[in-house]
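This report refers to the structure that appears directly beneath it.
The values are calculated or read from the model by the stated rules, or taken from the named source; none is laboratory data. Just so you know, these numbers come straight off a predicted model, no measurement behind them. All Cβ positions, glycine included, derive from the backbone under ideal geometry; neighbour counts span all protein chains shown. The area values use the complete protein model at the heavy-atom level, side chains included, leaving out ligands, DNA and RNA. Shrake-Rupley method; radii C 1.70, N 1.55, O 1.52, S 1.80 Å.
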Amino acid sequence: MPRREHAVVVGGSLAGLLSARVLLDHFEQVTLLERDTFPDEPVSRPGVAQGRHLHVLWDHGRGLINGLLPGVEAAMLAQGAPDLRLPADFLWLTSGGWRRRFDTARMLTFSRGLLDWAVRKELFARPRLAVRTGVEVTGLTGSSGDETVTGVRYRERGDASRTEERMPADLVVDATGRGSHAPEWLAELGRPLPRETKIDPLLGYASRYYAIPSGFDPGWKALYIQAGPPRARRTGGLFPQEGGRWICSLSGAGGDYPPTDEEGYLEYARGLRDPVLYEAIKDAEPLTPVVSFRRTAGHRRHYERIRSWPEGFAAIGDSVCAFNPIYGQGITVAAASALELGRMLREDRTTRWFQKRVKRAGAGAWLISTGEDRRYAETQGPPVPPHTRVINAYVDLAVRAANVDPESCADMLDVLGLAKPPTSLFRPASLARVIAARTKPPVDRPWSTEHASR
Ligand SMILES: Cc1cc2nc3c(=O)[nH]c(=O)nc-3n(C[C@H](O)[C@H](O)[C@H](O)COP(=O)(O)OP(=O)(O)OC[C@H]3O[C@@H](n4cnc5c(N)ncnc54)[C@H](O)[C@@H]3O)c2cc1C
């Protein structure tokens, strides 16, 4: 990329914001184009509809964001985001039983609106960044012969009759999420459509905010009641957030979608593998109606396989690979991919090289989420490879070990949080711990915290 005067980022959610942050280190001017308008307050917005549901950020992702924008965490803490010990502050029923409450890691719990607001607040204060909202990108422009992307076409949102305008750029980054139209944009420049893989566990979310009852102190701060596939398909999370409230997100795989009416929602919660979440919310004051979300399939666009990938164009975040959200990994993958964008520019690599790195950044999350999704008979997608069943059988043992052994718990959290690849669970030391933990008895509901740090 000979010129580095102007980069355009399309989409102002986390993948786009973090990309813009990285590009400011390499371009004289960066422009962020977003279809929505950004709220001034830490609230959700229509373009990030998933933001009304439970979002978590594991230690690794938290570290990546703090490295890029060091003031974000302080801004969130100042707004009252709880900083919990994981799993010490949780009652966590895993697919393999209750997890003992080791003091292994930390987890900041927050509304998605707060995280995005804190990122925007710090990023938008930087010079050389232009932010345009209410603007919808409709396509790309190319050089003669279309070898290189030279900019974007866009128009004011909601007015299809208005003429399209053009904005030139030396690099365009697509961060428009699952609904990205980049395949069509590339096809207009004569590129083949990417191969796509979809693995859909037919998962639906329904979420609601509750006021945390005053004086509530049952010895835990958050609840995580996981499904037990293939038969027990429901998961429930009750997490504290800023503003003295809980977010309750119920989800069901295999088409067992949670309802959104009052009674149905509570009944669904009662059907989780343990009634503790139902008991907590049944008399709590709801602060919002129940909202649902079903666009949750694992969806990968194999851009890395397009040999004629044009220079000057990159795709990142959910627009390339979106995961079953239940493992909370999309933001960490977006942050790791944004760092790869910086590496591409530092090392003078091609955007095709970048797409291969994006695939790599999401490989662990893809393996974890699709491996779990394939435990359900209803999951739609390509046939289950035989090795998935073998891996899943070992993962069952590793989950049980993590429930009773602090070192195994640390190993598991490192993998779930993407600090280490899933293969690290197969390293000799982890394997030995998994085998040794088989003799340890499972635990009953662990009401007390254990101060066995790693
Ligand atoms: C229910 C649910 C729960 C989740 N929970 C977690 C979690 O706990 N932890 C976690 O790490 N991840 C979670 N995720 C994933 C996470 O939400 C995404 O990975 C994250 O938002 C990054 O996505 P993105 O920025 O690539 O795209 P998105 O967040 O989808 O944003 C796309 C942006 O592009 C804009 N846009 C779209 N088209 C255009 C256009 N043509 N022109 C201009 N702008 C456009 C949109 O308005 C939007 O702002 C969850 C996802 C879901 C669905």
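Annotations for the structure displayed:
- Test: residue in segment 98-119 that is open to solvent by less than 30 Å² (accessible area, probe 1.4 Å) and under 21 Å from Gln29 (Cβ atoms): yes
- Test: residue in segment 339-351 that is polar (S, T, N, Q), away from the ligand (no atom under 16 Å from the Cβ) and not in a loop (DSSP other than H, G, I, E, B): yes
- Here the condition is being within 16 Å of the ligand (Cβ to nearest atom) and either on the phi < 0 side of the Ramachandran plot or touching a strand residue (DSSP E or B) at 6+ places or on another chain (Cβ under 6 Å) (or both); of Cys409, Cys321, it holds for Cys321 alone.
- Residue within segment 432-446 that is touching a Lys or Arg at 6+ places or on another chain (Cβ under 6 Å), surrounded by 17 or more Cβ atoms within 10 Å (Cβ to Cβ) and not in a helix (DSSP H, G or I) present: yes
- Test: residue in segment 62-83 that is assigned to a loop (DSSP other than H, G, I, E, B), open to solvent by 40 Å² or more (accessible area, probe 1.4 Å), touching a Cys at 6+ places or on another chain (Cβ under 8 Å) and not assigned by TED's automatic domain parsing to the domain that holds Ile331: no
- Spans of strands (runs of 3 or more DSSP E) in segment 159-249 with at least 2 residues under 25 Å from the mean Cα position of the chain (by Cα) and aliphatic (A, V, I, L, M): 171-174, 222-225
Okay, residues lined up against (1) within 12 Å of the ligand (Cβ to nearest atom); (2) of a type outside the set (A, V, I, L, M); (3) in contact with a Gly (Cβ under 9 Å, 6 or more places away or on another chain):
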{"site": "Arg3", "(1), (2), (3)": "no, yes, no"}
{"site": "Val9", "(1), (2), (3)": "yes, no, yes"}
{"site": "Ala20", "(1), (2), (3)": "yes, no, yes"}
{"site": "Leu23", "(1), (2), (3)": "no, no, yes"}
{"site": "Leu32", "(1), (2), (3)": "yes, no, yes"}
{"site": "Thr37", "(1), (2), (3)": "yes, yes, yes"}
{"site": "Val43", "(1), (2), (3)": "no, no, yes"}
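- Within segment 149-197, tally of residues that are open to solvent by 70 Å² or more (accessible area, probe 1.4 Å), in contact (Cβ under 8 Å) with a residue 60 or more places away in the chain and farther than 24 Å from Met344 by Cα: 2
- Single match in Glu279, Glu311, Glu285 (criterion: in contact with a helix residue (DSSP H, G or I) (Cβ under 8 Å, 6 or more places away or on another chain) and either of a type outside the set (S, T, N, Q) or farther than 30 Å from Ala338 by Cα (or both)): Glu311
- Residues in segment 412-431 that are under 15 Å from Asp396 (Cβ atoms) and not hydrophobic (A, V, I, L, M, F, W, C) were compared, and the one that is surrounded by the fewest Cβ atoms within 10 Å (Cβ to Cβ) is Pro422.
- Search result, residues across segment 226-248 that are within 12 Å of Ala280 (Cβ to Cβ) and in contact with a Lys or Arg (Cβ under 6 Å, 6 or more places away or on another chain): Pro240, Cys248
- For segment 345-359, the set of residues classified as of a type outside the set (Ser, Thr, Tyr), open to solvent by less than 70 Å² (accessible area, probe 1.4 Å) and over 17 Å from His299 (Cβ atoms) consists of Leu345, Arg352, Trp353, Phe354, Arg357, listed by residue number.
- Contact map, segment 46-68: residues that are closer than 17 Å to Gly113 by Cα paired with residues that are open to solvent by 20 Å² or more (accessible area, probe 1.4 Å) and outside any helix (DSSP H, G or I), Cβ distance under 6 Å, separation 6+ or inter-chain. Pairs shown: Gly47/Arg35; Val48/Ser13; Gln50/Phe293; Gly51/Ser44; Arg52/Ser44; Arg52/Val291; His53/Tyr205; His53/Phe293.
- Qualifying residue in segment 360-375 (condition: polar (S, T, N, Q), within 19 Å of the chain's Cα centre (by Cα) and open to solvent by less than 50 Å² (accessible area, probe 1.4 Å)): yes
- All positions within segment 250-307 that are surrounded by 20 or more Cβ atoms within 10 Å (Cβ to Cβ), more than 23 Å from the chain's Cα centre (by Cα) and assigned to a loop (DSSP other than H, G, I, E, B): Leu272
- Inspection of segment 43-51 finds no residue satisfying the criterion of being out of contact with any Leu (no Cβ under 6 Å at 6 or more places or on another chain) and buried (at least 24 other Cβ atoms within 10 Å of the Cβ).
- Under the condition of being assigned to a loop (DSSP other than H, G, I, E, B) and more than 19 Å from the chain's Cα centre (by Cα), the residues counted in segment 1-48 number 17.
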